[in-house]
Amino acid sequence: MVTGELKSKIDSIWQTLWSGGISNPLSVIEQMTYLLFIKRLDELHTLKERQAARTGKPIEDPIYAEDQDHLRWSRFKDKAPEQMFEIVRDKVFPYIKTLGYKGEGDGEGGSTYTHHMKDAIFMMPAPRVLANVVDQLDGIDMSDSDTTGDLYEYMLSKIASAGQNGQFRTPRHIIKLMVDMMEPGSQDKICDPACGTAGFLVAASEYMVRHHSDIIYKTAGARRRFNESTFHGYDFDSTMLRIGSMNMLLHGVLNPDIRYKDSLAQSDDDDAEKYSLILANPPFAGSLDYESTARDLQQIVKTKKTELLFLALFLRLLQIGGRAAVIVPDGVLFGSSNAHTELRRMLVEDHKLDAVISMPSGVFKPYAGVSTAILLFTKTNSGGTNKVWFYDMQADGYSLDDKRTPQPEKSDLPDILERWKKRADEDQRARTDTSFMVPKAEIAANGYDLSINRYKEVVYEAVVYDPPQVILGRLAKLETEIAKGREILEGLLK
């Protein structure tokens, strides 16, 4: 969680950059990210030095060569502003643009990080601004991955509205819930076709390190698979790709497949049935040019709605047996158009719809107040839906207003995860409970409506009112008392 002290530091740095002339919030985030990245590189190199000193062996995979020592954060941070500015602009920044992991067969192309960083621009307007920001950032400890993620989340929260294409920044605790429910394994190929800052991919990598580190780091081949072949992300925002690549690199994934791509557009890339797990919160811009969308997606569902096209895309990208946990707007659950109904029918009849988790409308504030849900399904191409698990989330551990104040005592997330893992026992739950099972036949009979309100039973408390004559009698008594009071008041005024 971002502490008040950390918030004030970020706010102060933000104001410094803002007053220095960097007015675009995404540019502010990008410049801060570069500096945090440079600082973290120095901390990682220092850890390698200490490890080498303890073992008496040379530094393993050093970040900085001996002749690059002056590029380290700890070396330039105390220099005069003009000298620091010159070093960072002319030496450090060009160095981090070329930094990246080179796996076998990468050739001159380097890593995806290097590819996205080639267009990065150092925008610090003046030496005094850089010195001020460096001085303030120096007190932030980047060694904790949670701190890194919290910093990103808080910086992104300062963008008060969704992006032009309907992007929302998914809260980290919602991402973590979805990843924990999917339990990614060491052999999974994970994709987010609208990856943004790569939050889902980072969370999946952290889960795998916590639960499968003995497998993913066992051999050189396993390490290479984890770093190069496990994580795949697409986006058509170059800034997001740069931030996402840095985010992944900071979290220990050296060369993920993060690339520029309009996921819904016609493409020569054949990614069909390539991935075993999809985690995503795609943008819901409403409509787009029907002619520009991929023909194979149009064959699955004829619509201009991006939320439906993304669901069709997920089905195309998944392998048989592949799983997905994705966020959709509520309209997908109950929309009455042919496209809405057909897509829901496909999920229920042609594949295996596992769960629908309804979320309160405040989860995505301050970006938007839209009501959303998490869909969990498995691609089978042969049906398999028997019963669908519904959960009515009322609270996520934060206030549901624009401030999103932490309220850890009000969170359904632990209960969701626990019940999901023991959902075989959910058959006994009543429709008045927060979670319950609904048979496929009942969903089909309701036109494949997946709105939880269609199936949840609400118990209304009976309220007993007095008979009208008694109420009228009380009103008459009150009127008499008012009239007497008025008479007394008039007497006092004479």
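No lab work stands behind these numbers, since they all come straight from the coordinates. A quick note: this is a predicted structure, and the numbers were derived from the prediction, not measured. Glycine also receives a Cβ, built like all others from the backbone with ideal geometry; neighbour counts cover every protein chain displayed.
Dipole of the chain computed with +1 at Lys/Arg Cβ and -1 at Asp/Glu Cβ about the Cα centre; of I215, Y448, V332, farthest Cα towards the positive end is Y448. The range 463-478 and the range 226-256 have their alpha-carbon centroids 69 Å apart. Between 0 and 90 degrees, rounded to the nearest ten: what's the tilt of helix 4-19 against the longest Cα principal axis of the chain? Relative to the chain, helix 4-19 is tipped by roughly 70 degrees.
The peptide list 315-325, 464-474, put in order of mean Cβ contacts within 10 Å with the highest first, becomes 315-325, 464-474. Our coupling estimate for the range 483-494, obtained by passing each phi through the Karplus curve with A = 6.51, B = -1.76, C = 1.60 and θ = phi - 60°, is 5, 5, x, 5, 4, 4, 5, 5, x, 5, 7, 6 Hz, Gly and Pro reported as x.
Looking at the chain, what % of its DSSP beta bridges pair antiparallel, to the nearest 5? Don't skip to the end; give the middle numbers.
Details: 23 of 41 bridges.
Percentage antiparallel, nearest 5: 55.
Phi angles across the range 256-262 convert, under the Karplus curve 6.51 cos²θ - 1.76 cosθ + 1.60 with θ = phi - 60°, into 3J(HN,Hα) values of x, 8, 10, 9, 6, 6, 8 Hz, Gly and Pro given as x. Across the options V92, I140, L35, the greatest Cα extent toward the positive end of the charge dipole of the range 4-145 (unit charges at beta carbon of Lys, Arg, Asp, Glu) belongs to I140.
Amide H contacts under 5 Å for I258: G233, restricted to partners 5 or more places along the chain or on a different chain, H placed in the peptide plane at 1.01 Å from N.
Applied to the range 175-183, the Karplus parametrisation 6.51 cos²θ - 1.76 cosθ + 1.60 on θ = phi - 60° returns per-residue 3J(HN,Hα) values of 4, 4, 4, 5, 5, 4, 6, 7, 6 Hz, with x for Gly and Pro. In this structure, the amide hydrogen of Q266, modeled 1.01 Å from its nitrogen in the peptide plane, lies closer than 5 angstrom to those of A294, counting only residues at least 5 positions away or on a different chain.
For the pair the range 381-442 / the range 11-66, the C-alpha centres are spaced 40 Å from each other. Under 13 Å from the Cβ of A430, count the other residues' Cβ atoms, weight Lys and Arg +1, Asp and Glu -1, and hand me the total. Around A430, the surrounding residues sum to -2.
Can you tell me the relative contact order of the range 4-145? Whole percent, Cα pairs under 8 Å, sequence separation 6 or more. Don't skip to the end; give the middle numbers.
Values: 109 pairs, mean separation 47.0, N = 142.
Averaging sequence separation for qualifying contacts and normalising by length gives 33 percent for the range 4-145.
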